[in-house]
1. Using square roots of five times the C-alpha gyration tensor eigenvalues, list the equivalent-ellipsoid semi-axes of region 328-402 in whole Å, biggest first.
2. Hey, quick one: spin label on Arg334, modelled 7 Å out along Cα-Cβ, who in region 357-378 has an amide N within reach, i.e. under 19 Å?
3. Work out the charge dipole of region 171-304 with +1 on the Cβ of Lys and Arg and -1 on the Cβ of Asp and Glu about the Cα centre, then indicate which of Ser272, Met231, Gly220 is farthest towards its positive end.
4. Mind checking the alpha-carbon convex hull of region 264-339 and giving the volume per residue in Å³?
5. Output ³J(HN,Hα) for region 452-461: one whole-Hz value per residue in order, computed from phi by the Karplus curve 6.51 cos²θ - 1.76 cosθ + 1.60 with θ = phi - 60°, and x for Gly and Pro.
6. What's the center-to-center distance, using Cα atoms, between region 30-74 and region 301-344 in Å?
7. Taking 7 Å along the Cα-to-C-beta vector as the label spot, tell me the Ala89-Val222 distance in nanometres, rounded to one decimal.
8. For region 266-282, take each phi angle, set θ = phi - 60°, evaluate the Karplus expression 6.51 cos²θ - 1.76 cosθ + 1.60, and give the result in whole Hz per residue in order, putting x for glycine and proline.
Amino acid sequence: MGRLPSGCPTSASAAGSIRRKCVPSQNEKLLTGIPEFDLVLRGGLAKGRVHLLQGDPGSGKTTIATQFLLEGVKRKGARGLYVSMSESAEELRSSAASHGWDLSAIEIFDLVPLEAQLDEQQTVLFPSEIELSETVKLITDKITETDPDRVVIDSLSDLRLLASDPLRYRRQILTLKQFLQGRHCTTLLLDDRTTDVGGKDLHSVVHGVISLEQMERSYGAVRRRVAVTKMRGSNYQSGWHDFAITTGEVLVFPSLIAEEHSSDFEKGTVRSGLAELDDLLGGGLDRGTVNMFVGPSGAGKSTLALAYVMAAIRREERAAYFSFDETFRTLAERGRALKFDVEEAVKQGKLGWQRANPSRLSPGEFVWQVRHQVEQQKARIVVIDSLNSYLGTMPEEQALVLQMHELLTYLNNKGIVTILILAQQGVVGDVTNPIDLSFLSDTVVLLRFFEAQGQVRKAISVVKKRTGVHELAIREYRLFPHGMKVGPPLSDFKGVLTGVPTYVGASGPLLPEDAAETD
């Protein structure tokens with residue numbers, strides 16, 4: 001056999017084969033098997049180091065650790081060892097099989113006592129009967145025997161129960177850490193935080209600390225989050241990041257940093273196809289702006305947004321529509337009534353329609369879905385319908401507003417025309433906003449009901465536009481059986497901004513009933 005490279009000690013496994021195991025170079029990292037988590041870690045976990053993965057039972061520690069070991073097998077055939085003191089090998093394989101994973105290439109060291117071995121034929125560990133030092137020796141002997149590249153030790157809480165005092169426990173963990181680093185293993189220590197002894201004292205011992213959290217909602221799915229709280233000598237994205245566990249994979253949704261996504265885009269104005277509406281907006285909606293359509297339920301906000309979406313599709317641009325309130329069937333039927341073939345647009349891949357369920361969706365996952373539509377599907381118009389339901393995705397309203405601000409800044413940086421729909425509380429009379437988000441918007445289009453000649457009618461006006469001049473007029477807005485129409489300015493209309501608009505003009509119709517005939 002040829003000469004080994006400098007710094008690569010020879011290690012012999014139980015089978016007698018000789019392996020070359022190089023000392024990890026500085027800042028060398030290993031992928032975790034979760035691509036988006038590797039983005040948070042800025043490349044993965046530091047190779048040859050010991051990392052702590054902590055979280056309450058059920059937060060996803062075992063699933064993430066298993067992904068880490070399987071990634072090693074898939075990438076370079078790295079040897080993986082799973083030391084389990086809380087689950088049997090059979091339980092681990094069964095859990096992995098539910099995800100479609102095969103653990104046959106991973107060594108499982110089962111330290112869980114089996115019920116069948118309670119008759120004095122005990123060959124495995126009983127934590128309550130064996131000293132901590134002997135337990136650690138069992139683990140180190142197994143690591144010496146199998147010579148793994150990646151190691152998972154599950155869990156520290158079982159080791160902590162054997163410690164008579166925190167000092168002894170810390171010393172044993174330090175000994176274990178030095179041993180693992182001497183073997184150049186990349187190790188994940190799992191801790192379910194069910195005991196208080198030691199607590200955060202271990203944070204100073206390990207190279208990296210990753211925290212998992214699951215939050216129970218009053219209604220809906222559990223929300224999971226992950227945060228890297230320490231990664232010695234490595235850069236990483238701090239803060240909490242939502243994640244989800246699905247069959248076969250762990251999906252991490254890194255929190256958005258809008259400044260990292262600045263790009264040059266061609267400025268311009270997007271038109272709706274309705275001349276009067278575009279005139280009202282001073283030519284249309286500008287690229288790289290946030291536009292809020294505000295009004296009571298039924299005033300036509302979603303229909304107005306749909307007009308811009310279909311106009312973009314006719315220009316051979318792609319659009320994305322995120323609906324928290326409306327089903328696709330309802331949207332398609334309304335589109336057909338207005339000569340918008342929504343179903344065909346979705347079928348041809350020109351419109352990305354997604355039903356967002358606020359009781360099942362985390363804010364981070366929603367942001368990731370929007371980014372996918374913009375970056376992968378090249379959407380140029382994004383509609384969020386409605387902000388009211390989006391704000392219901394979690395109770396920490398202020399944090400959600402900050403997250404929405406980051407998302408909107410990102411969309412502006414990408415040159416996207418963003419349309420936000422906000423439903424006001426009430427229908428006529430005293431109409432109020434559930435929350436003031438006008439500061440997030442470049443353009444605010446206000447829709448109102450008003451009464452004239454015994455009929456409830458709709459009015460539209462633009463109350464704000466940062467990027468240019470707009471009309472100050474108030475116009476009537478009608479949805480006909482075969483299209484929509486924006487009428488001329490209503491010079492005899494007053495009180496629209498008070499929430500109690502009143503028409504005091506002539507008794508004739510504002511828009512003739514046959515106006516749709518000329519549409």
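1. That gives 26, 16, 10 Å for the three semi-axes.
2. In region 357-378, the label zone of Arg334 (backbone N under 19 Å from the point 7 Å along Cα→Cβ) covers 357-358.
3. Met231
4. About 122 Å³ per residue, rounded to a whole number.
5. Values, residue by residue: 8, 6, x, 10, 8, 10, 10, 10, 10, 8 Hz.
6. Computed from Cα coordinates, the inter-centre distance equals 41 Å.
7. With each label point 7 Å from Cα toward Cβ, the separation is 2.8 nm.
8. Result, rounded to whole Hz: 6, 6, x, 10, 9, 9, 8, x, 9, 4, 5, 5, 5, 5, 4, 8, x.
The values are calculated or read from the model by the stated rules, or taken from the named source; none is laboratory data. This structure is a prediction, so every number in the text was calculated from the model and none was measured. Using ideal geometry, Cβ is built from the backbone for each residue, glycine included, and neighbour counts are taken over all protein chains shown. Each accessible area value is taken on the protein alone, full model and side chains, heavy atoms only, with ligands, DNA and RNA left out. Shrake-Rupley method; radii C 1.70, N 1.55, O 1.52, S 1.80 Å.
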